[in-house]
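Trainee: So that we are looking at the same thing, I have put the structure below in structure tokens.
The values are calculated or read from the model by the stated rules, or taken from the named source; none is laboratory data. Everything numeric in this text was worked out from a predicted model, so none of it was measured. Note that we place each Cβ from the backbone using ideal geometry, even for glycine, and neighbour counts take in every protein chain shown. The area values use the complete protein model at the heavy-atom level, side chains included, leaving out ligands, DNA and RNA. Shrake-Rupley method; radii C 1.70, N 1.55, O 1.52, S 1.80 Å.
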Amino acid sequence: MRVAMFSGGRGAAGTARALLRVPGLELSLLINGYDNGLSTGALRRYLPGMLGPSDFRKNLLLHLDPGDPRRELLERRLPAGTTAADLARLAGGPLDYRIARELRVFAGRLRAEPDGLDLAGCALGNLVLAGAYLRLGEDFNAAVRACAHTFGSPARLLNVTGGENAFLVALKEDGRVLADEADIVAPQDAVAITGLFLLREPPAGPAELCGPPERVRELLARRAARVTPNPEALAAVRDSDLIVYGPGTPHSSLLPSYLTPGLAGAIAESRAAARVFVVNLGGDHDIQGLTATDLVDRTLAYLGDPGNERRTITHVLGGRGGSEGPAVPRGVVERGCWAGARWIGADLEDAERPGTHDGPRTAGALRAVLGEIPLARAG
């Protein structure tokens, strides 16, 4: 069975980990590289042209036990005052030669261009990905493939785009702009986000783009980045038996991926019998005031199928009571459907981590949805 899951950094990690334990299951994780917060943003500014590596780094960890030294290495945060010489010394230690090679490449860039990057707080795994990016001719997708091979990832990690650099911004209903991805996921007021845009260059700040909402929308559209789809991502979608949307932070991890040209067509052409939207169990700052049905509708709109006429979503998988996530209108639960998709309630919450999905339960529910399809069609 082949599964294509749209994911981010951690929202779907437990579910993905559980799916990887299913014998005979091939998992492709489709991720975008628009992360731009803190040390990741600093790294992107230092290497103009590179996408954000953080979510790819996090998904390299799925198959590694908490005590695995490779996991500790990828997640290690560098202390203040770390230098290129420190990285070179680390690369000379007892590391896998491929990891050491990437760190040496990045240390070489840092020696040649010492200004512009403070390594304090940087995740070492991000620098491994950055070193691979430099070594492979500044090809971001090739760097992801190389690092997935180095760390033995059993999942296919696929950037949704061809690797072109782009910067994510959001437009709020009142015309204000959230100028980068870090602002989109940060605490904010309850004015709704009404649009997402991928720009060639990051705006200098919110004040650079101001005015009536439609005027700001027009200005943002003029600055649109040109991105292409990753052919491997499109093929993974077309060849999948099951497509899973989320869970994850909607306006950073999921909806931006759906802006990728060609993706909607690949979903429409997919042989997938089930295309399942997984409702978040926890609340995110970017979805204040939005219900679960609003998020389903936004997914359909971003994928160019607002009426769900192409069966972009066949099922919606939601929690069953007690969740702090987006509200589900009572009538939807009673009818068991929304926008032509079947609505399924299940006990999916991790008892030890409220607001997050229990991986085995969610993976089991997804497999059960897929298992129903032949019976439903036969009937």
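Trainee: For segment 169-302, give the share of DSSP beta bridges that are antiparallel, in percent and rounded to the nearest 5; count only bridges with both residues there.
Mentor: Working: 7 of 11 bridges.
Here the share of antiparallel DSSP bridges comes out near 65 percent.
Trainee: Give the residue from Ile184, Ala236, Leu171 lying farthest towards the positive end of the charge dipole for segment 168-288; charges sit on Cβ (+1 for Lys and Arg, -1 for Asp and Glu) and the dipole is referred to the Cα centre.
Mentor: Going by the charge dipole, the pick is Ala236.
Trainee: Give me P(r) over the chain, computed from all C-alpha to C-alpha distances, binned every 10 Å, as integer percentages.
Mentor: Taking every Cα pair in the chain, the percentages come to 5, 24, 33, 25, 11, 2, 0.
Trainee: Determine the percent antiparallel among the DSSP beta bridges restricted to segment 297-373, to the nearest 5. Show your work: numbers first, answer last.
Mentor: Details: 3 of 8 bridges.
In segment 297-373, approximately 40 percent of DSSP beta bridges are antiparallel ones.
Trainee: Residue separation times 0.36 nm, minus the C-alpha to C-alpha distance between Asp347 and Asp174: what's the value? Intermediate results must be reported in sequence, preceding the final value.
Mentor: Working: separation 173, 0.36 × 173 = 62.28 nm, distance 3.73 nm.
Extra length available between Asp347 and Asp174 comes to 58.5 nm.
Trainee: What's the whole-number percent of alpha carbon pairs in segment 107-210 lying beyond 24 angstrom?
Mentor: Working: 2354 of 5356 pairs.
In whole percent, the long-distance tail amounts to 44.
Trainee: At 1.4 Å probe size, with every protein chain present, just tell me what the per residue accessible area of the chain comes to in Å².
Mentor: Working: 15850 Å² over 379 residues.
Using a 1.4 Å probe on heavy atoms only, each residue of the chain averages 42 Å².
Trainee: Moving on. How high is the relative contact order of the chain? Use alpha-carbon pairs under 8 Å, at least six apart in sequence, and give a whole percent. Kindly include the intermediate steps, with their values, before the conclusion.
Mentor: Values: 742 pairs, mean separation 67.0, N = 379.
About 18 percent, as a whole number.
Trainee: Please give the contour-minus-distance gain from His285 to Ala368: 0.36 nm per residue of separation, less the Cα-Cα distance, rounded to one decimal in nm.
Mentor: On the way: separation 83, 0.36 × 83 = 29.88 nm, distance 3.13 nm.
So the extension gain works out to 26.8 nm.
Trainee: Another question, if that's okay. Could you pull the accessible area for Phe56 with a 1.4 Å probe, rounded to 10 Å²?
Mentor: It works out to around 0 Å².
Trainee: Another question about this same structure. Out of all DSSP beta bridges with both ends in the chain, state the antiparallel percent to the nearest 5. Before the final figure, lay out each step's value.
Mentor: Details: 14 of 39 bridges.
Rounded to the nearest five, the antiparallel share is 35 percent.
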